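Here is the structure we will look at, set down as C-alpha cells.
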C-alpha cells in the first residue's frame, strides 16, 4: 500500500534519477543542470498544474529530480526534462530510474545518508542535497510534503553521522596512514613528513590525504631519471627532492613513509642509523609490498615501525566495525523513514478530523467494530484490533 | 501476524499431520486410530490443562490430529501421540507436518475441500472430516474456536461443490465412457452393455464404473484360453461370455465397448452388419490403441461410433474446464477462510467491548488518533486510516 492516503488530491512524491548506477559519466553530463538551468527548469515545471514541488539535485555522480504532485507529475517531469535537454524521450527513458511514493521517499533518505553513493556513507552528498533543497525553497517550489520529507531526510543523515561511526571508520591504507600522521604527537605542532615514492599511486594519495590538515610539511622523493613526471600533489607545503639524497633529509623528519614498487630497501638500518640522532621520537611507515624498509630499523631507539601487515589488520578490523555501524545506520534510517511516512500519511487527516468526529458522533463502539469486521479483510482486522489493544494501554499510561 | 489476538489466553489451533505427502502407507498405518482408540486418545488429551479441543481425522491417506489450546498444546499432543502409539518421539517427528494458527486453519480448509487429497477435489474426505468432528463433539472435545473453524470449513467445501464443477469434470477415459453409458437414452430404461476385453485394466475399470448405476447389465467377453483369469467385476448384473461368441450377443446390445490390447479388429463391419438389425439405436465405443473397431461400422444405420480420439479431446477440454473451476474454487476458499479467521479473531473482543467502551469514553477522536500515530509503525497507521475512511462511508450507507 502506498502512502498517499489523500485520495482526492492523490498527491505523491516521485523521483527521476540518472545516476552512476545506470549511466556512464558522459551520459550523466548530458543530464546535468547548471545553477541557472536549475532555476529555469524548476520555474517551468512549477507552471504545470500537476506539479506542486520540484527539487533538482546534481552532483558528479547523479542528476536527480524530485517532484511532488498528482499522478501526472512524473509524466510531465519526463516530458519537460527531455524537451529542456533536447533529448528524445525514448533515449531519456533508457538511463532513468523512476521512484514513486514510498520508494521515492526511501530513495531520498538513502541518497541523503550517503547510502547510494559510490563511497558508502560519504557525507559530501548531504551538503549538496541541502543546497538543492534550499534553491527550490527560495523559489517557493517546495510543498508541505516535500518540506517534511527533505527536512526529515537531512535530520536522519545527521543522526547517523552523530550516532554511528560509519563515516569515521576508514578502510583504505592511504587513509589509515594519514590518520597515523594526524595522531602523531609532537610538541610545537608542525610535523615534517617524508614520502618516499610520492609520485606513485599510493604515495600521491597519501600525500593528498595528509596535506588536508594544516601544520604538516611534506618532503617527497622522486627518481632523478623520472623527474619529468608531474608531481600531482604540489603546493607550498611540499618539497620535492631527489631520491638519492633522501638520507640527508631524514634527521629533520618526524615521520617517514615509503611506498615504492621497487624490489630493494629504500631505507636500510645501516645507513639510517648513521644519519639520525636517537633523541627524537620518529614514526616510520612502510606500506610497500615487498617491504621497502629494513625491519631492523624498528629496533632503533625511539623509532616506531609499522609495515603493511599492521595496516591490513587495521583495515580488516575496521571492515567489521563498519559493517556493524552500517547495521546501526540502517536501523536508524528505517526508523526515521517510518516516522516521515507517518507524518505525510497522517497530515490530510488533521483537516478531516472535524468531519470524522461528526460522522462517528453518537455511534457505539460495538456498531463501529462490527462494521469494520464485516467490511475489511482479516489482515486489516487484526491490525485494527491490535491497535485497539494498544490504544487502551496508551491512554491509561498518559 | 497470527490470528490469536486473545493475548491472555493465547489460544490457537494446531494440526499434526501424517499424510500421503510425507509418509508411505506402512508408516501411515502405524499412526492410524481405530474408533475406540480415537475416543480414548481424545479423552486422554482433554485431561491436559493446555488442551481445550481435539479432533482426530483418520483416512487411508492421512492421520491428522487437530488440537486447540495454549502454546503448550502442540507439545502435549506430540508427546501423548508418541506415548499412545509406542513410537519414539524422534521417530514420530520424522513423518510429521505441524501447522499452527492460521496455517492450521488453512490446512483444515484444504483438507475438507479435497485440495490436499491424492485426487484433487474428491469429496469422500468431507464426510470423513464431518464424522471425526462429530465424534469429538459428542465427547465435549470441541471448543468455541474449533467449532467455528470446522463448521466453516464444511460450509466452504459444500459451497465449492455446489458453485463449481470441480468434482463434476472427469478427466479419465474410463469415467468419460461410463458417462456416455449413463447419458445414452433408451425407452424402458434397462441398458445392455457389452465390454470386449472386460478383464483388462481399462475394461475392468469401465465395468466397475458403469455398474455403479442401476439398470445396466454387462456382458463381458474373455478369451477362452485365459478363462482361468479372475473377473474382477462380478455380480448379478454381469455375464461372462467367450470372446469367440461375441457376435451372437450383439443384437441384444444397446452399447458395445471395446478395450483390448490386440492388434486385430474385435468388431468388423462385415460380420457386425450380418448380426444386428438396423432398427435399433446403438452406441459403439472403441477406447483401444490401435483401434479395435472397424471405422466403417460408423456408417451403419442408427449406429454411433466413438473412438479414442473422441475421448481424448473430451478429456483435454475437461482439463481446461477443471483448471478454471479450480481457480474459482480457490477464490471461494480464500474468501471463506478469511471469514473464518475474522470470526475467531473478533470473538474475544465481544466480551471486552464494555471495557473498551469505558476506556475510550470521553476521549476525543483527535486524541486517540494522535496516540495511534505516535505508537504504531507506518504500515499499521495506513491500515487504521484506510479503515477510518471506509467506516465513514459504511455508516453513511446503513
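Computed from the coordinates by the stated procedures, all read-outs in this text should not be read as laboratory data. Everything numeric in this text was worked out from a predicted model, so none of it was measured. Methodologically, a virtual Cβ is constructed for each residue, glycine included, from the backbone with ideal geometry; neighbour enumeration extends over all protein chains shown.
How much FRET efficiency would the formula 1/(1 + (r/R0)^6) give for residue A:374 and residue B:32, where r is the Cβ-Cβ distance and R0 is 30 Å, rounded to 0.05?
Working: r = 42 Å, r/R0 = 1.41.
After rounding to 0.05, the efficiency reads 0.10.
In nanometres and ascending order, the distances from the residue B:397 label point to those of the other copies are 3.6 (point 7 Å from Cα along Cα→Cβ). Report the normalised scattering of the protein assembly as shown as log10 I(q)/I(0) at q = 0.07, 0.09, 0.10 Å⁻¹, calculated by the Debye formula with identical scatterers on the alpha carbons. Scattering profile of the protein assembly as shown, log10 relative to I(0): -0.88, -1.04, -1.11.
Across segment B:173-306, the mean sequence separation of Cα contacts (distance under 8 Å, 6 or more residues apart), normalised by length, yields a relative contact order of 23 percent. Working from Cα positions, state the angle (0 to 90°, nearest 10) between the long axis of helix A:35-46 and the longest principal axis of chain A. Around 10 degrees separate the two axes.
With an 8 Å Cα cut-off and a minimum separation of 6 or more residues, compute the relative contact order for segment A:72-131 in percent. The partial results should precede the final answer.
Numbers: 27 pairs, mean separation 9.7, N = 60.
After rounding, I find 16 percent.
Stretch residue A:90-residue A:315 to full length: gain in nm at 0.36 nm per residue minus the Cα-Cα span? Can you show the working numbers first?
Numbers: separation 225, 0.36 × 225 = 81.00 nm, distance 4.52 nm.
My answer for the length gained is 76.5 nm.
Arranged by the count of other C-beta atoms within 10 angstrom, fewest first, what order do A:352, A:11, A:373 take?
Numbers: A:352 15, A:11 21, A:373 18.
Ranking A:352, A:11, A:373 by Cβ neighbours within 10 Å, fewest first, gives A:352, A:373, A:11.
Note down the relative contact order for chain B as a percent, whole number, built from C-alpha pairs under 8 angstrom at least six residues apart. It would help to have the intermediate numbers written out before the result.
Details: 550 pairs, mean separation 54.6, N = 398.
Averaging sequence separation for qualifying contacts and normalising by length gives 14 percent for chain B.
Computed over all pairs of different Cα atoms, the Kirkwood value for the hydrodynamic radius of segment A:284-365 is 18.8 Å.
Taking R0 as 51 Å, what's the FRET efficiency between residue B:289 and residue B:347 from their Cβ-Cβ distance, rounded to 0.05?
0.30
Inter-copy label distances at residue B:43, shortest first and taken from points set 7 Å along Cα to Cβ: 9.3 nm.
Between the helical axis of A:173-183 and the longest alpha-carbon principal axis of chain A there is an angle of about 80 degrees.
How large is log10 of I(q)/I(0) for segment B:173-306 at q = 0.10, 0.14, 0.22 Å⁻¹ when the intensity is taken from the Debye formula with one equal scatterer per alpha-carbon? For segment B:173-306, the Cα-only Debye profile gives -0.27, -0.56, -1.52. Counting, for every residue in B:338-348, the Cβ atoms of other protein chains within 10 Å of its Cβ and taking the mean gives 4.
Sorted from longest to shortest, the spans of the Cα atoms of chain A along the three principal axes equal 97, 58, 35 Å.
Note on B:367-377: average number of Cβ atoms from other chains within 10 Å of each residue's Cβ is 6.
Across peptide A:387-396, the average count of Cβ atoms from other chains found within 10 Å of a residue's Cβ is 6.
What gaps in nm, shortest first, separate residue A:362 from its twins in the other copies when you place the label 7 Å past Cα toward the beta carbon? Copy-to-copy label distances at residue A:362, shortest first: 2.3 nm.
Using a 10 Å cut-off on Cβ atoms, rank the peptides B:43-54, B:357-368 from the highest mean neighbour count down.
Ranked by mean Cβ neighbours within 10 Å, highest first: B:43-54, B:357-368.
The residues B:380, A:286, when put in order of fewest to most other Cβ atoms within 10 Å, stand as B:380, A:286.
GNM, chain B, Cα, under 10 Å: largest mean-square fluctuation among B:384, B:177, B:142? Highest fluctuation among the options: B:384.
Between the helical axis of B:73-85 and the longest alpha-carbon principal axis of chain B there is an angle of about 50 degrees.
Counting other Cβ atoms within 10 Å as a rough exposure proxy, the listed residues B:22, A:396 run A:396, B:22 from fewest neighbours to most.
Divide the volume of the convex hull of the Cα atoms of segment A:1-137 by its number of residues and quote the answer in cubic angstrom per residue. Spell out each step's value before the answer.
Values: hull volume 14.6 nm³, N = 137.
Cα-based convex hull of segment A:1-137, divided per residue, equals 106 Å³.
Quick check on segment B:245-340: take the gyration tensor over C-alpha atoms, sort the square-rooted eigenvalues as a ≥ b ≥ c, and tell me if it's rounded (a/c under 1.5), prolate or oblate. Cα axes put segment B:245-340 in the prolate bin.
Helices in chain A, meaning DSSP H runs of at least 4 residues, each add -39500 (n - 2.57). Divided by all residues, the mean residue ellipticity at 222 nm is -16500 deg cm²/dmol. Chain A residue nearest the axis that carries A onto B, by Cβ, with distance in whole Å, is A:383, 2.
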